[in-house]
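First up is the structure itself, then whatever we jot down about it.
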Amino acid sequence: MAKENPQGNKFNVIGKASPRVDAIDKVTGRARYGADHSRTGQLYGAVLNSPYPHAIIKSINTERARALDGIRAVLTHADIPGAKSFGGIVPHQMVLCSGKVRYVGDAVAIVAAETPELADKAIELIEVEYSPCPVVSDPEQALSPSSPLVHEDGNLCAHHKVRKGDIETGFKNSDFVIEHEYTTQKVEHAYIEPEAVLAEPGENGGVTITGSVQNLYSIRRAVASVLNLPLNRVRVIQATLGGSFGGKDEAMSAICCRAALLALTTGRPVKMVNTREQSMRESYKRHPYKMRYKVGVSNDGILQAMEIKIIADAGAYAATSQFVTWRSVVQATGPYVVPHVKTDIYAAYTNNCYTGAMRGFGSPQICFAVESLMDELAAQLGLDPFEMRLRNTLKDGSITATGQKLTHRVTLDEALRNVTSAGGFKAKWLANREQDSASPIKKGIGISCSYRGVSLGAEGADAAGVGISLQTDGSAVVTCGLVDMGQGAATTISLVVAEELGLSSDKIVFLNADTTVMPDSGPTVASRTSFMAGNAARVGSTILKDRIAPVAADMLKCKASALVFCHDFISAGSSRITLAQLAAECFRRGISLSAHGWYKSPKTTWREEDGTGDAYFTFVYGANLAEVEVDIHTGRVIVTKFISCHDVGKVLNINGAKGQVYGGVAMGMGYALLEAYAEEDGQPKLGNFDEYLLPTICDMPQTEVIFLEGDDPLGPYGAKALGEPANEIAAPAIANAVANATGRRVRELPLTLERVLLGKNLIPGRERGSAMAKGAES
Amino acid sequence: MKVRFKLNGKFVMLDLPGVERLIDLLRERLDLVGTKEGCGKGECGACTVLLDGKPVCSCLMLASQIAGHEIVTIEGVAADNRYAHILNAFEETGAVQCGYCSPGMIVSAAALLARNRHPSDNEIKRALAGNLCRCTGYSKIIEAVSRAAERVAQERK
Ligand code: FES
Ligand code: FES
């Protein structure tokens with residue numbers, strides 16, 4: 001077991017505590033984020049959103065806006081030269097709506113003006129006549145035949161299933177069956193940087209976009225098709241990203257297309273920066289799920305059958321719902337062996353804010369359900385939660401719910417053992433059940449665990465590229481088609497190149513992604529960056545090394561196999577040259593110093609008819625433990641201690657890895673206790689961080705991180721993934737701890753004061769917070 | 001209206017239009033874009049600057065309010081050797097991920113360490129309670145600030 005600092009490290013830079021390659025720029029304020037880019041003569045763009053969640057647009061009159069001084073363009077759907085909508089899976093999201101609006105984040109018109117104030121003023125002068133339609137706000141009702149339609153071809157956005165064994169036989173083999181419903185809320189990514197882009201007309205008749213974008217290539221495709229431009233005339237450059245967590249993906253196409261339209265119409269650079277309120281209103285969220293689990297168990301505590309039905313709210317557009325719900329269906333039984341499985345997941349269109357990718361990608365919801373359920377089963381059987389899990393966890397060679405045989409080392413039990421022994425789980429868990437009734441403060445302890453498929457799996461084409469260019473002074477420029485959104489990809493990739501070429505990592509400059517520099521590497525999602533780009537960086541480094549090694553051998557008069565690349569030197573026995581000398585010599589001999597590494601993921605398979613196949617090429621495992629104090633007079637929950645153990649294959653950068661875990665736990669705590677994006681009849685009930693509460697520095701418990709290094713042969717140096725696993729099981733560990741403290745189970749997130757105290761949420765008045773203040777003013 | 005104030009150690013004289021937020025003056029007119037906007041409502045702390053040594057949200061202040069006062073932004077902090085320990089500690093410990101909150105965090109930390117050389121973890125938490133970070137889970141930020149304090153203390157010995 002590698003605890004904090006992995007031992008026996010045979011690498012020069014891999015696995016050490018390396019500072020981020022971009023840290024200096026960020027701490028000095030020098031790093032340029034989307035909104036920090038400006039050009040002389042730039043205009044400011046603004047958007048007119050729909051006031052209605054569902055309505056027919058009867059007319060749009062822009063005359064008064066156009067007449068205003070300082071307004072350079074007012075555009076509607078009629079001004080779009082190419083495709084009117086975009087979308088990677090279902091291309092139905094409108095850049096500017098015509099006909100119908102489907103949620104309050106839909107845009108009807110855009111303007112470009114000399115100042116931001118003028119742009120806002122022009123927006124107010126645009127007159128739109130709507131005829132409101134009945135609002136579809138409940139996903140379950142949306143699927144009933146009598147529901148009004150959000151999209152003409154029906155409200156069903158996605159349906160996936162998994163069938164294994166025979167569910168009836170499974171229940172027959174069970175000694176008892178329990179059935180519960182769990183629900184999770186809609187949450188916002190809440191990256192601290194709101195979306196921002198700058199679009200400039202290009203010299204070649206095209207457009208260049210610089211901004212807070214996570215998936216450059218899908219955005220480029222959307223902009224090109226909306227503007228009727230060939231792909232090579234649309235250049236998308238990633239600005240330093242102020243957080244994303246899945247939230248600035250393809251949907252950024254909307255703001256990018258709008259800015260590009262305005263720039264090409266006016267012939268001037270156009271900057272568009274969202275306020276927090278706009279960002280909250282428009283940007284997609286994490287899917288809320290309603291999950292019904294019926295589970296059969298035999299008296300010895302062995303799972304026999306699981307019948308699962310999940311309804312997800314996709315909101316107004318498909319975005320990535322198909323893929324998100326697919327991951328849920330694959331992992332819905334949790335990391336357990338279940339012989340008989342029947343799972344169905346449906347995503348429904350509604351007039352709520354749409355939902356898409358967010359850290360976890362369909363796993364935090366099901367982790368909450370399954371991990372709560374395991375504790376409930378344990379209680380029924382009189383087992384402790386740890387023992388209950390051990391009897392059912394996936395082990396080496398186990399078969400998953402989709403029929404996949406696990407051929408790598410399965411480290412789930414080890415992860416569970418680590419957190420329970422480090423946290424003294426069993427003794428505390430038992431003691432907490434007999435607490436002094438006089439004190440209102442009750443202690444609780446809870447655990448959770450998960451398995452997670454690495455990278456995209458059978459949901460999409462999966463490949464990535466890394467470019468390396470060695471300079472004649474021994475420094476190097478590295479770039480990648482996957483982006484650094486704060487998770488540290490730039491550092492990880494640089495470290496791999498440094499390790500392979502024997503460079504010190506401060507000799508590397510990592511360039512932000514740019515579509516004209518790197519080929520399409522697909523989306524930066526699914527915690528795939530370390531794995532995919534790490535492997536691509538290894539491939540590229542090897543190509544380059546193989547090319548320059550013979551020159552070094554020649555210079556040092558030895559065999560290429562005798563060379564050692566390390567600390568900016570190449571040595572053979574006692575003689576050595578610097579990497580700079582070698583690079584300069586290669587240049588003199590006309591040998592190329594740049595290389596491009598491409599890595600395609602191993603094969604996966606999937607049969608949609610019955611939901612079987614090798615869904616992911618490998619999995620990661622983790623376990624969490626939370627300790628809480630609950631005040632039973634107020635319902636207030638304080639998390640006092642947290643332990644998080646993850647098998648990451650191999651730790652590439654200990655600083656970066658621990659940072660991912662701490663951040664994941666914080667986000668999971670917000671999910672468990674605080675965060676909920678509230679809507680009523682399709683109208684958002686909150687718009688900023690005064691009402692959407694995030695964990696602050698004062699909320700954070702003492703957190704212990706334990707890494708397991710299971711060494712996956714497929715990963716770079718054995719590394720796998722961490723960003724999402726670190727987040728997905730925090731909430732259920734906390735929920736289980738609260739149940740241990742209070743003796744009462746809450747099956748809905750978040751665990752607000754009322755839910756903990758009364759077991760249900762109080763229905764808030766129609767107007768709260770800023771809405772109420774506004775009502776009082778008028 | 002003409003106003004005179006001190007900005008990052010230098011006196012500045014500027015013409016101010018009627019209503020302009022301090023953050024817009026800094027970012028849009030003076031190109032000091034190290035100061036970030038995350039909420040525009042005083043909730044996230046990304047826009048924190050020092051006003052006469054005290055941390056304030058520049059999104060909540062009007063530019064005209066700074067007449068006769070001294071403003072220090074992250075650019076000023078970064079250029080001032082007295083604060084080098086804080087920047088280094090943030091870099092080394094991994095207290096920076098996406099970095100969008102970092103300028104505000106560092107400015108708040110600078111204000112704290114200027115008035116309290118040996119802050120406890122709780123004092124650090126209280127000083128940074130107004131700065132939201134979505135990436136780091138804050139652990140490394142606390143570590144960075146206490147490491148910076150230790151270094152300052154060592155140097156003074
Ligand atoms: S932008 Fe000023 S506090 Fe958030
Ligand atoms: S590092 Fe991203 S918000 Fe703090």
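The values are calculated or read from the model by the stated rules, or taken from the named source; none is laboratory data. The shown structure was predicted, so the numbers you read here are calculated from the model rather than taken from an experiment. All Cβ positions, even for glycine, are placed from backbone atoms using ideal geometry, and neighbour counts span all protein chains on display. The protein model used for the area step is the full one, side chains on, heavy atoms only, and it has no ligands, DNA or RNA in it. Shrake-Rupley method; radii C 1.70, N 1.55, O 1.52, S 1.80 Å.
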Pairs to check: A:443/A:658; A:507/A:557; A:172/A:342; A:658/B:36; A:309/A:342. Give those whose C-alpha atoms are more than 18 Å from each other in this structure. A:443/A:658; A:507/A:557; A:658/B:36
Calculated P(r) tail over 22 Å for segment A:1-135, as whole % of Cα pairs: 58 percent
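State, in square angstrom and to the nearest 100, the accessible area buried between chains A and B, both chains counted, probe radius 1.4 Å.
Details: alone 28710 and 8480 Å², together 33480 Å².
Counting protein atoms only, the buried area is about 3700 Å².
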Residues in segment A:674-688 near a label at residue A:90, defined as backbone nitrogen under 12 Å from the 7 Å Cα→Cβ point? none
At 0.36 nm per residue, minus the direct Cα-Cα distance, what do residue A:337 and residue A:161 gain on full extension? Give it in nm, one decimal, please. 61.6 nm
In Å, descending, principal axis extents of the Cα set of segment A:608-695: 44, 40, 27
Per-residue accessible area for residue A:568 at 1.4 Å probe radius, Å² rounded to 10? 30 Å²
Over the Cα atoms of segment B:78-155, compute the convex hull volume and normalise it per residue, giving Å³. 79 Å³
As a test of the formula, what do you get for the protein assembly as shown when each DSSP H run with n ≥ 4 contributes -39,500 (n - 2.57) and the sum is divided by the residue count, at 222 nm and rounded to the nearest 500 deg cm²/dmol? -8500 deg cm²/dmol
For segment A:688-742 and segment B:1-73, write down the distance between their C-alpha centroids in whole Å. 37 Å
Using only Cα atoms, locate the centre of segment A:142-192 and the centre of segment A:267-340, then give the distance between them in Å, rounded to an integer. 9 Å
Where Rh is the Kirkwood radius over the Cα pairs of segment B:2-73, the temperature 10 °C and the viscosity 1.306 mPa s, what D in µm²/s does Stokes-Einstein return? 133 µm²/s
In Å², rounded to a whole number, the accessible area per residue of segment B:78-155 with probe 1.4 Å is 37 Å²
Using only the alpha carbons, work out the radius of gyration and Dmax of segment A:63-205 in angstrom. 23.3, 77
Residues in segment A:88-113 near a label at residue A:56, defined as backbone nitrogen under 11 Å from the 7 Å Cα→Cβ point? A:99-100
At q = 0.17, 0.22, 0.24 Å⁻¹, what is the log10 ratio I(q)/I(0) for segment A:239-319, with the Debye formula run over Cα points and no solvent? -0.85, -1.13, -1.22
With all protein chains present, chain B has a carbon and sulfur share of its accessible area (1.4 Å probe) in percent of 49 percent
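Can you tell me the convex hull volume per residue for segment A:332-402, based on C-alpha atoms, in Å³ to the nearest whole number? The partial results should precede the final answer.
Values: hull volume 9.6 nm³, N = 71.
Roughly 135 Å³ of hull volume per residue.
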Cα centroid distance between segment A:195-214 and segment A:372-426, in Å? 49 Å
Would you check the accessible area of residue A:63, probe 1.4 Å, heavy atoms only, in square angstrom rounded to 10? 130 Å²
For a distance above 18 Å, tell me the whole-number percent of Cα pairs in segment A:629-766 that qualify. 61 percent
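Once you compute Rg and the Kirkwood Rh from C-alpha atoms, what is the Rg to Rh ratio for segment B:56-108? All intermediate terms of the calculation are to be shown ahead of the outcome.
Working: Rg = 13.0 Å, Rh = 12.5 Å.
Over the Cα atoms of segment B:56-108, Rg/Rh equals 1.04.
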Return the inverse of the average 1/r over all pairs of distinct C-alpha atoms in segment A:463-600, which is the Kirkwood hydrodynamic radius, in Å to one decimal. 15.0 Å
Entries of A:685/B:140; A:26/B:41; A:641/B:125; A:395/A:650 with Cα pairs more than 25 Å apart: A:685/B:140
At 25 °C and a viscosity of 0.890 mPa s, what translational diffusion coefficient does Stokes-Einstein give for chain A, taking Rh as the Kirkwood radius over Cα pairs? Give it in µm²/s as a whole number. 89 µm²/s
Pairs of Cα atoms under 8 Å, at least six residues apart: use those to get the relative contact order of chain A, whole percent. 16 percent
How much accessible surface area, in Å² rounded to 10, belongs to the heavy atoms of residue A:647 with a 1.4 Å probe? 0 Å²
Going by accessible area, probe 1.4 Å, with all protein chains left in place, what is the ranking of A:598, A:606, largest first? A:598, A:606
Sorted by accessible area (1.4 Å probe), largest first, how do A:558, A:97 line up? A:558, A:97
Size of chain B along its principal axes in angstrom, Cα-based, largest extent first? 46, 35, 23
